[in-house]
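Below is one structure, written out as structure tokens, with a few remarks after it.
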Amino acid sequence: MGVKLYYTTVTASREVKSQQAEVMRILDSKSIRYELIDISVGGEVRNEMRDKANNPTAVPPQLFNEDQYCGNYEMFSEAVESDTVEQFLKMA
């Protein structure tokens, strides 16, 4: 599988929850298959996400194609608005 979505099931942030839900909804609506990776299972998964994103303070949602970093919620949202989601996810 190509697209990976790092997310968390444990957050007090409404913003993070709504951003994660929106990313999933859009991917589902475009029939883009993706793997969910929950960073709340342990610090090593969160650190893996941050290392791959090359950002020590990255928070979910973060998107990757395999191990290639695609971007965060804001970047994904811009791709949705410009109708370039497949290119953003490095699928094209």
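Met1 satisfies every condition listed in (1) at pLDDT 95 or above; (2) under 22 Å from Val85 (Cβ atoms); (3) not aromatic (Phe, Trp, Tyr) except (1).
Here Ala21, Ala12 are screened, and the one residue that is surrounded by fewer than 13 Cβ atoms within 10 Å (Cβ to Cβ), at pLDDT 95 or above, of a type in the set (A, V, I, L, M) and farther than 14 Å from Leu89 by Cα is Ala21. The residues of region 24-49 that are open to solvent by 90 Å² or more (accessible area, probe 1.4 Å), under 19 Å from Asp67 (Cβ atoms), over 14 Å from the mean Cα position of the chain (by Cα) and not hydrophobic (A, V, I, L, M, F, W, C) amount to a single one, Glu44. As a summary of the residue check, Ala58 satisfies the conditions (1) open to solvent by 30 Å² or more (accessible area, probe 1.4 Å); (2) under 15 Å from Thr8 (Cα atoms) except for the one numbered (1). Pairs linking a residue in region 78-91 that is closer than 12 Å to Leu27 by Cα and touching a residue at least 60 places away in the same chain (Cβ under 8 Å) to a residue that is surrounded by 15 or more Cβ atoms within 10 Å (Cβ to Cβ) and among the polar types (S, T, N, Q), with Cβ atoms under 9 Å and 6 or more positions apart or on different chains, are Leu89/Asn65.
In region 63-87, the residue that is least open to solvent (accessible area, probe 1.4 Å) out of those that are assigned to a helix (DSSP H, G or I) and under 22 Å from Asp38 (Cβ atoms) is Phe76.
The values are calculated or read from the model by the stated rules, or taken from the named source; none is laboratory data. If you're wondering where the values come from, they're calculated on a predicted model, not measured in any experiment. All Cβ positions, even for glycine, are placed from backbone atoms using ideal geometry, and neighbour counts span all protein chains on display. Just so you know, the surface numbers come from the protein's heavy atoms only, side chains and all, with ligands and any DNA or RNA stripped out. Shrake-Rupley method; radii C 1.70, N 1.55, O 1.52, S 1.80 Å.
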